[in-house]
Structure formats: C-alpha cells, structure tokens
1. Anything in the stretch 51-66 that is closer than 25 Å to N155 by Cα and open to solvent by 60 Å² or more (accessible area, probe 1.4 Å)? List them, or say none.
2. Restricting to the stretch 116-159, name every residue that is in contact (Cβ under 8 Å) with a residue 60 or more places away in the chain, open to solvent by 70 Å² or more (accessible area, probe 1.4 Å) and acidic (D, E).
3. Is it true that some residue in the stretch 160-171 is open to solvent by less than 50 Å² (accessible area, probe 1.4 Å) and β-branched (V, I, T)?
4. Every residue in the stretch 75-91 that is touching a Lys or Arg at 6+ places or on another chain (Cβ under 9 Å), loosely packed, with under 15 Cβ neighbours inside 10 Å and at pLDDT 75 or above, please.
5. Considering (1) in a helix (DSSP H, G or I); (2) modelled with pLDDT of 80 or more; (3) crowded, with 17+ Cβ neighbours inside 10 Å, say which one F48 fails and leave the rest.
6. Could you tell me whether the stretch 54-65 includes any residue that is in a helix (DSSP H, G or I) and at pLDDT 90 or above?
7. Only residues that are of a type in the set (A, V, I, L, M) and part of a loop (DSSP other than H, G, I, E, B): list them for the stretch 111-136, please.
8. Looking for whichever is of a type outside the set (F, W, Y), in a loop (DSSP other than H, G, I, E, B), open to solvent by 40 Å² or more (accessible area, probe 1.4 Å) and modelled with pLDDT of 85 or more here; the options are D94, D69, D108. Which one fits?
Amino acid sequence: KKALRAQNDTKLSVYEANPYINFSWGYRSKDATYRGVLETNLAAIASFHIKFGGLYLAYLQPTPLRYKDVQAEISSGVNFRISPGKPETEIMGDIDALYVQKIIEAFDSFATAFEQLETEFKANTNIRFLDIQRIFQPIQERVFNDVVHLNSLGNEIIANRMADDILALVAQNN
C-alpha cells in the first residue's frame, strides 16, 4: 500500500489509490455510478414491502463533499483523507478533484434513481424514496467525523427527520 501511495505522480494514481474507489471495480466498470445496482436493490425491497406490508423509507444520505460548509469539521481536526475503515490508510495530498467529481456524479445519479423510484412507487403511500443530501446545508456545526460517518449531532438531525417522516406516513394512513 505504501508503494502504491508513493506513486502519486499523477491525479489518476491518487484516484486509483483511494480506498473508497478500490471497492468493486467489476461493478464500477459495468455501472459507473452503481445506479443500476442501487435502483434494482431498492425496487426489490420496496416490492417486498408492498407484498408483505409495512413502511419502507429509503434515504439518500448526505456526503461532506457537497451541500455543506465543512469548515467546522476541518477546524476541529476532521481529516477527510483518512479511510474510516482503515485509519492507517491516508490519501496523499488534497482530496483529489477526480475523486470528488466521481462521487458527485454518483450522487447525482442516485438522486435521479430516487426521483424515478419515488414516481414509480407513488401509488403506495407506505413506500418513500427521500433525498436528504441537503439536510446539513444550513448547519454550521460539525456533523461529520470523517468522509462517511456522522457525529451525534448529525445522527440526531437525521433521526429527527426520519421520525418526522414516519409520523407523517402513519398520520396519512390513519
């Protein structure tokens, strides 16, 4: 791994060394943003809930790479270059622009998938596909512990949103 990180002489090598991108190149080569996999899995779960009952709420989560001023995170020492699963793995240099571009492309694709699934399943009021990527946009406090995980404030904000959504669905169905 150190040898790979030492070869950071091009943006592509930095991108390829990124621990978040190394996951599942086979799927990525077939579906660059994983949108097909996401759509298929979410639709299958929604169909299960239609057949057997219950509420199903799917959420497109926020990413610190978009829609939030992360100055509070950076000021408190959050390092978005450290792999949350492998803290010994650090991407050399700044977060690579190609990596950020690929994440944004993926999340845009996911948002489109969520919109399409919400339309497809709209007739069933117990099934919802909710894009909450912008939930932290007005929040100035730190909500991310790293590039993936939330702190207690971030979890509380999302939990409150989920509780509100569940209560609204229950009220709508009664």
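The values are calculated or read from the model by the stated rules, or taken from the named source; none is laboratory data. Since the structure is predicted, the reported quantities are computational estimates derived from the model, not experimental observations. Heads up, the Cβs are rebuilt from the backbone with ideal geometry, glycines too, and the neighbour counts pull from every protein chain shown. Accessible surface is based on the protein model in full, side chains and every heavy atom, while ligands, DNA and RNA are left aside. Shrake-Rupley method; radii C 1.70, N 1.55, O 1.52, S 1.80 Å.
1. L55, Q61
2. E120, D131, E141 - these are the residues of the stretch 116-159 that are in contact (Cβ under 8 Å) with a residue 60 or more places away in the chain, open to solvent by 70 Å² or more (accessible area, probe 1.4 Å) and acidic (D, E).
3. No.
4. Of everything in the stretch 75-91, those that are touching a Lys or Arg at 6+ places or on another chain (Cβ under 9 Å), loosely packed, with under 15 Cβ neighbours inside 10 Å and at pLDDT 75 or above turn out to be S75, S76.
5. For F48, the exception is condition (3).
6. Checked the stretch 54-65: no residue is in a helix (DSSP H, G or I) and at pLDDT 90 or above.
7. Listed by number, the residues that qualify are A123, I132, I135.
8. Going through D94, D69, D108 in turn, just one is of a type outside the set (F, W, Y), in a loop (DSSP other than H, G, I, E, B), open to solvent by 40 Å² or more (accessible area, probe 1.4 Å) and modelled with pLDDT of 85 or more: D69.
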